[in-house]
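Worksheet: the structure to be examined is printed underneath.
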Amino acid sequence: MSKLGSRPFIISVVGNDMAGDSMLEHWKSLGLSIEGIRRCSDIVTPIVSNIFDLGGELSAAVADVEAVEKSLTPDWIWKFKHKISSAPVLMVDGNLGPLALEAACQGWPYVLSSRLYYRNRALFAEGSNYWCSLDISIIWFLTSVAADSRTPVWFEPVSVAKSVRIGSIIKHVAYTSPNEDELIAMANALCSDPGSSPIQGMSKKGSHKSIDSMVCMLKPAIAWLLERGVDMVIVTLGSNGVLLCSREAPDFSRVTAHNARFSSFERELYDLVISNLVSNRQFGNIKSVKSNHRSGVPYLFHFPALPASVVSLTGAGDCLVGGCLSSLCMGLNITSSIAIGIAVAKAAVESQYNIPPGFSICTVADDANRVFCAVKAVEAG
């Protein structure tokens, strides 16, 4: 996110070891404050080991996060409550314990998070390359403060196993960004009727299905999350792009006036995106979809992935979400933010690094416009 001009504020904990030194030095090199990072000599910095298949996709991961549960205390997090309450969006991930998530949404007097980002009036809590898991009672506070200050919550599932933790906070979640398997797991976990049949996911062979076929398979799970209170479900489909699903028609044209404290990168990207929005001719088609929409049926829009010269798939998902969150904090709407997220993810897969060393403003804006121009409504009913 800092590569897109954001200046995150991080609340976390690291050990007095090589991994902790590396993380702190990296954050400082990006010009980020480390005031919120607690350093403890009696813990080992949480680390995750990833295993990738021959195609470059994540196959498995092993994480050691006990240190965060032990040393990232409510008292420490409480020192930075004002940063949470002033944020335009709070991002929490599935590494946080279920009761902690609930406390964060409902207003308990303490908070715990794996990673929180704050820039001007923006805050995000998520996992990192060194995954941090939260104590149960702490996540609860994060969303609690967000709810009290009407800050929208973004839930990032992380994995199939951890995605089900959305259950305790679902009524407070504005956005969630599961892949297909995580979406199915979340929906089935939310189904309280023991007599109902579980929602079936797609087989691996389903990767070659048409978007309409994929929607047909996924729409029961999508509908379940929307009915339980999520405002927008953003399903990541890998090389098939992103599916935006919502109860209300998303606004493709409205944006908020940008903040005078934007970095030069943010200001230029914002202006380019706004210019493209003004000249875009897709709005007539979108308005037609809204006027012909049947009541009670979710709105579904497909955002295609962009052709790319793939070097590595590592980091693409993080860049997509990071691009979305950064854009929301600029004042852009969710549709423009998803388009920018896809553009940033394209840059990630074309780089040998998890996160590209830098981004071209014009390239990101142009790629986002290509995505935006190709958005299509999908029939849900």
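The values are calculated or read from the model by the stated rules, or taken from the named source; none is laboratory data. Note that this is a predicted model, so its numbers are computed, not measured. Don't worry about glycine lacking a Cβ; one is built from the backbone with ideal geometry, like all the others, and counts go over all protein chains shown. Ligands, DNA and RNA are excluded from the accessible area calculation, which covers all protein heavy atoms including side chains. Shrake-Rupley method; radii C 1.70, N 1.55, O 1.52, S 1.80 Å.
Residues in the range 213-264 that are in a helix (DSSP H, G or I) and at pLDDT 85 or above: 18 in all. If you scan the range 186-208, which residues turn out to be at pLDDT 75 or above and under 27 Å from Ala339 (Cα atoms)? Hits for the range 186-208 are Met186, Ala187. Go through the range 302-359 and count every residue that is over 18 Å from Phe262 (Cβ atoms), aromatic (Phe, Trp, Tyr) and open to solvent by 10 Å² or more (accessible area, probe 1.4 Å). Going through the range 302-359 one residue at a time, the tally reaches 1.
In the range 333-376, which residues are among the acidic types (Asp, Glu) and assigned to a loop (DSSP other than H, G, I, E, B)?
Restricting attention to the range 333-376, the residues satisfying the condition of being among the acidic types (Asp, Glu) are 350, 366-367.
Across the range 333-376, the qualifying residue is only Glu350.
For the range 48-71, a residue qualifies if it is open to solvent by less than 70 Å² (accessible area, probe 1.4 Å) and within 23 Å of Phe9 (Cα to Cα), and the qualifying residues are Val48, Val65, Ala67, Val68, Ser71. Name the pairs whose Cβ atoms lie under 6 Å apart, with the first residue in the range 30-56 and among the charged types (D, E, K, R), the second assigned to a strand (DSSP E or B) and at pLDDT below 85, and 6 or more positions between them or separate chains? Listed pairs, sorted by first residue: Arg38/Val13; Asp53/Ser59. Of the residues making up the range 39-73, those that are outside any strand (DSSP E or B), modelled with pLDDT of 70 or more and closer than 17 Å to Thr314 by Cα number 4. Of all the residues in the range 52-81, those that are over 22 Å from the mean Cα position of the chain (by Cα) and not charged (D, E, K, R) number 9.
Per-residue answers, yes or no, for (1) free of Cβ contacts under 8 Å to residues at least 24 places away in the same chain; (2) in contact with a Lys or Arg (Cβ under 7 Å, 6 or more places away or on another chain); (3) of a type in the set (A, V, I, L, M, F, W, C):
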site: Leu313; (1), (2), (3): no, no, yes
site: Val321; (1), (2), (3): no, no, yes
site: Asn333; (1), (2), (3): no, yes, no
site: Ala347; (1), (2), (3): no, no, yes
site: Ser360; (1), (2), (3): yes, no, no
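Every listed requirement among (1) open to solvent by 10 Å² or more (accessible area, probe 1.4 Å); (2) within 23 Å of Thr176 (Cα to Cα); (3) modelled with pLDDT of 90 or more is met by Asp367 save one, (2). Scanning the range 21-47 for residues that are among the small types (Gly, Ala, Ser) and either within 18 Å of Phe80 (Cβ to Cβ) or buried (at least 16 other Cβ atoms within 10 Å of the Cβ) (or both) yields Ser33, Gly36. Scanning the range 162-182 for residues that are polar (S, T, N, Q) and either open to solvent by 40 Å² or more (accessible area, probe 1.4 Å) or more than 15 Å from the chain's Cα centre (by Cα) (or both) yields Ser168, Asn179.
A search for C-beta distances below 7 Å between a residue of the range 7-29 that is closer than 23 Å to Lys79 by Cβ and at pLDDT below 85 and any residue that is in a helix (DSSP H, G or I) and not charged (D, E, K, R), counting only pairs 6+ apart in sequence or on different chains, returns Pro8/Ser2; Ile10/Trp27; Ile11/Ile77; Val13/Ala67; Val13/Val68; Val13/Ser71.
The set of residues in the range 22-45 that are of a type in the set (Asp, Glu) and farther than 9 Å from Ile10 by Cβ comprises Glu25, Asp42.
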